[in-house]
Amino acid sequence: MKVAITRPRGKEDATKELASSYGFEALIVNAIELVPRSEDEVKAAVGDIADYDWVVITSAFGARLMHRYFGEALHRAKIAVVGEKTRRTLEKLGISVALTPEEFRSEGLIAALREVGAEGKCILVARASAGREILVRELGKIAEVVEVPLYDSVIPEDKSSIFALRQGLEKGEIKAVVFTSARTVENIFSVLNNNLAALLNRISVIAIAPETKRALIRHGVEHVAMPERYTLEECLRLLKER
């Protein structure tokens with residue numbers, strides 16, 4: 001069974017291997033290109049890592065950038081992450097993570113930081129420039145928050161995999177699509193908007209998290225499944241069950 005999975009460039013091989021372990025042949029759709037902000041820009045915005053009570057990192061890509069830019073200083077920081085993939089990335093770099101919420105999304109992290117007494121603390125939120133507003137807005141109600149964009153999420157210049165998605169849907173070769181972020185939904189619809197929802201409504205569609213599901217529904221996708229835990233592995237497990 002051929003499945004399309006949206007992933008940033010550079011994760012093709014690992015994603016294909018993971019999909020294969022569930023019995024799927026994967027078409028990787030590069031709907032996002034991650035463009036790092038310069039080290040000088042990020043460091044100037046962050047200042048001294050030691051000034052923050054908490055450092056919030058929201059993605060594996062952001063984790064690698066923070067390690068590249070801040071090195072040893074990051075090892076001494078008290079770090080909170082949104083999901084387990086970000087946690088695993090940091091741990092592979094030898095960096096301890098103090099807090100990972102049970103619910104792998106912004107709302108889960110907000111609740112977890114409240115529970116551990118982050119009120120009145122100084123929190124650095126290091127993430128993509130197009131991150132969800134709710135994280136900074138809600139944390140700003142209980143703490144002093146400094147938001148620093150680490151990278152930008154843009155539509156890739158090479159859109160060949162996006163066009164391959166349409167072709168596979170039109171030919172009936174692709175039997176399911178897994179969308180791994182709301183941004184990938186928006187980018188793909190901006191490129192392929194004409195009749196895409198109708199094509200997706202013929203097959204199984206999996207969204208990795210609620211905001212991704214909402215984006216698909218806004219674009220007219222009628223039946224969107226979603227796993228209980230917001231990981232790609234759980235998306236594939238759910239698809240196999242269905």
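Just a few scattered comments:
- Any hit, the range 89-112, residues being touching a strand residue (DSSP E or B) at 6+ places or on another chain (Cβ under 6 Å) and more than 23 Å from residue 140 (Cβ to Cβ): no
- When 150, 65 are checked against the criterion of being crowded, with 18+ Cβ neighbours inside 10 Å and assigned to a helix (DSSP H, G or I), a single residue qualifies: 65.
- Whichever residue in the range 160-198 is of a type in the set (Phe, Trp, Tyr) and closer than 27 Å to residue 105 by Cα and, among such residues, is surrounded by the most Cβ atoms within 10 Å (Cβ to Cβ): 179
- Count of the range 76-128 residues, restricted to those that are touching a residue at least 60 places away in the same chain (Cβ under 8 Å) and outside any helix (DSSP H, G or I), is 13.
- Screening 114, 87 for residues that are surrounded by 20 or more Cβ atoms within 10 Å (Cβ to Cβ) and of a type in the set (D, E, K, R) leaves exactly one candidate, 87.
- Some residue of the range 153-161 being within 30 Å of residue 39 (Cα to Cα), in a helix (DSSP H, G or I) and at pLDDT below 95: no
- Filtering the range 39-62 to residues that are in a helix (DSSP H, G or I) and either among the acidic types (Asp, Glu) or outside the structural domain of residue 122 (by TED's automatic domain parsing) (or both) leaves 39, 40, 41, 51.
- Single residue of the range 212-242 satisfying the filter (assigned to a helix (DSSP H, G or I) and of a type in the set (A, V, I, L, M, F, W, C)) that is nearest to residue 131 (Cα to Cα): 215
- Residue match in the range 15-34 (condition: assigned by TED's automatic domain parsing to the domain that holds residue 199 and basic (Lys, Arg)): yes
- Some residue of the range 15-35 being at negative phi, free of Cβ contacts under 8 Å to residues at least 24 places away in the same chain and in a loop (DSSP other than H, G, I, E, B): no
- Selection from the range 192-211 of residues that are farther than 17 Å from residue 235 by Cα and part of a loop (DSSP other than H, G, I, E, B): 193, 194, 195, 201, 202
The values are calculated or read from the model by the stated rules, or taken from the named source; none is laboratory data. Note that the structure is predicted; figures quoted are calculated from it, not measured. With ideal geometry, Cβ positions are generated from the backbone for all residues, glycine too; neighbour counts draw on all protein chains shown.
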